[in-house]
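All of the numbers you see were taken from the coordinates with simple rules; none came from a lab. These figures come from a predicted structure and were not determined experimentally. Glycine gets a Cβ as well: all are built from the backbone with ideal geometry, and neighbour counts include every protein chain shown.
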Amino acid sequence: MGRIAYVNGRFVPHGEAVVHIEDRGYQLADAVYEVWALFDGRLADAEGHFARLERSLSELSIPMPMSRRALTIVLKEAVRRNRVRDGLVYLQVSRGVAPRDHAFPAGEVRPAVVITVKAVDRAAAEARAAKGVSVVTTPENRWGRCDIKTVGLLPNALAKQKAREAGAAEAWFVDELGFVTEGASSNAWIVDGEGRLRTRDTNANILRGVTRLTLLDVIREEGLQVDERPFTPDEAVAAQEAFITGAGTLVLPVVAVDGRPVGKGEPGPVATRLRRLYIERARATAI
Ligand code: PLP
């Protein structure tokens, strides 16, 4: 059975799913998106992703295309039709289709909605986590509203390509003061020399990762110390451990930064344990 996509009210074969050439998401990146991890066909951290979706849309004055309840039904139907148990659901909402003009279209335009679902090989993901991944650093060059999850991802795409060409899995953006902001598609963390967890605070120009938020709960429940404070690439290399979080990566150990090993150059006990605890939590609370 082939993949099925949802486009503006219809489920269609993935290969035939198309949007209009004057969709403002396509022409102006005037669109937001969300990604949910799927465990056993259910949406992980559902509430957090819906809340962020609503906030992203509201910051851009795009109306919710349907109620949260209706959207949940459509997302779950997309998952069901694709028969995916472990994977990712992608939702994109653009301002809609209108003659090309930078300013918002006059009159009411219906937001355009696209949903795709893809399977993830969890065994392969676990094997990758057991080995850990490398990251490279790259100068921060994104706009000032990275808290809005827009599809304007060109700097992220270029950073990710730089990582790929260096044989790394992720790129960490570094701001003009020399601190890591976040990854191209993940939040960045270390376990510092004193064993304290460190990750950038959300007053900075970063995406408020939903996985990050859930993990902060897990960390506090575990009684671990956490400091929402920035760190430099040098501090990451001197740290005991480093890792990244995101719906796509969950909690993934980082073993090298710009070719320099972090700690012993292998996944550490804290990241490994937090990955397990995060997955347990996400699986138990998925809807
Ligand atoms: N930061 C960026 C730039 C991202 O694109 C993502 C996820 O795609 C994240 C952080 C992690 O966010 P979440 O945990 O909500 O997936």
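Compute the distance in nm between two label points, each set 7 Å from the Cα along the Cα-to-Cβ direction, one at Arg196 and one at Val109.
Placing both labels 7 Å beyond Cα along the Cβ direction yields 4.7 nm.
If each of Asn203 and Lys131 carries a label point 7 Å out from its Cα toward its Cβ, how far apart are those two points in nm?
Simple spin-label model gives 4.1 nm for this pair.
Taking N as the number of residues in the range 55-213, what is its Cα Rg relative to 2.2 N^0.38 Å? Walk me through the numbers on the way to the answer.
On the way: Rg = 18.4 Å, N = 159, 2.2 N^0.38 = 15.1 Å.
Against the compact-globule rule of thumb, the ratio is 1.22.
Quick check on the chain: helices-only [θ] at 222 nm, where DSSP H runs of length 4 and up contribute -39,500 (n - 2.57) each and the sum goes over total residues. Nearest 500, please.
Details: 8 runs with 91 residues, N = 287.
That calculation yields -9500 deg cm²/dmol at 222 nm.
Assuming 0.36 nm per residue, please report the length gained on full extension of the stretch Ile21 to Arg85 beyond their Cα-Cα distance. List each step's numbers first, then the result.
Numbers: separation 64, 0.36 × 64 = 23.04 nm, distance 3.29 nm.
Net length gain for the segment: 19.8 nm.
Applying 1/(1 + (r/R0)^6) with R0 = 25 Å to the Cβ-Cβ distance of Glu221 and Arg68, what FRET efficiency is obtained, to the nearest 0.05? Display every interim value, and only then the final one.
Values: r = 27 Å, r/R0 = 1.07.
Once rounded, the FRET efficiency stands at 0.40.
Could you give the length gained by full extension between Leu153 and Glu59, i.e. 0.36 nm per residue of separation minus their alpha carbon distance, to one decimal place? Don't skip to the answer; put the middle values down first.
Numbers: separation 94, 0.36 × 94 = 33.84 nm, distance 1.72 nm.
This chain segment gains 32.1 nm when fully extended.
Take Lys118 and Arg260, extend 7 Å from each Cα along the Cα→Cβ direction, and tell me the distance between the two endpoints in nm.
3.3
Relative contact order for the range 175-287: what percent, with Cα pairs under 8 Å and sequence separation of 6 or more? Before the final figure, lay out each step's value.
On the way: 196 pairs, mean separation 29.6, N = 113.
After rounding, I find 26 percent.
From the C-alpha gyration tensor of the chain, pull out the three semi-axes of the equivalent ellipsoid (sqrt of 5λ each), sorted largest to smallest, in whole Å.
On the way: eigenvalues 212, 95, 58 Å².
Listed largest to smallest, the semi-axes of the chain are 33, 22, 17 Å.
Using the beta-carbon distance between His102 and Leu213 and R0 = 45 Å, what value does 1/(1 + (r/R0)^6) give for FRET efficiency, to the nearest 0.05?
0.85
Give Lys131/Lys162; Lys131/Lys160; Lys76/Lys131; Lys149/Lys264; Lys76/Lys149 a once-over and call out the pairs whose C-alpha atoms are over 26 Å from each other.
Details: Lys131/Lys162 21 Å; Lys131/Lys160 20 Å; Lys76/Lys131 33 Å; Lys149/Lys264 35 Å; Lys76/Lys149 21 Å.
Beyond 26 Å: Lys76/Lys131; Lys149/Lys264.
Projecting each Cα onto the charge dipole of the range 1-121 (Lys/Arg +1, Asp/Glu -1 at the beta carbon, about the Cα centre), which of Ile4, Gln92, Ala46 comes out farthest on the positive side?
In the range 1-121, that residue is Ile4.
Note the full-extension length gain between Ala238 and Ala284 as 0.36 nm times their separation in residues minus their Cα-Cα distance, in nm to one decimal.
Details: separation 46, 0.36 × 46 = 16.56 nm, distance 3.50 nm.
Stretched fully, the Ala238-Ala284 segment lengthens by 13.1 nm.
How big is the charge dipole of the range 190-287 about its Cα centre, in debye rounded to the nearest 20, if each Lys and Arg gets +1 on its Cβ and each Asp and Glu gets -1 on its Cβ? Display every interim value, and only then the final one.
Working: 14 positive and 14 negative charges, 69 e Å.
Result for the range 190-287 is approximately 340 debye, rounded to the nearest 20.
Rg to Rh ratio, the range 35-142, alpha-carbon atoms and Kirkwood radius?
Numbers: Rg = 17.3 Å, Rh = 16.3 Å.
Rg/Rh: 1.06.
Counting pairs of alpha carbon atoms under 8 Å apart in space and at least six apart in sequence, what relative contact order in percent does the chain give? Numbers along the way, then the final one.
Numbers: 589 pairs, mean separation 54.1, N = 287.
Once normalised by length, the contact order is 19 percent.
If you count the DSSP beta bridges with both ends in the chain, what percent of them are antiparallel, to the nearest 5?
Details: 43 of 53 bridges.
Around 80 percent of the beta bridges assigned by DSSP in the chain are antiparallel ones.
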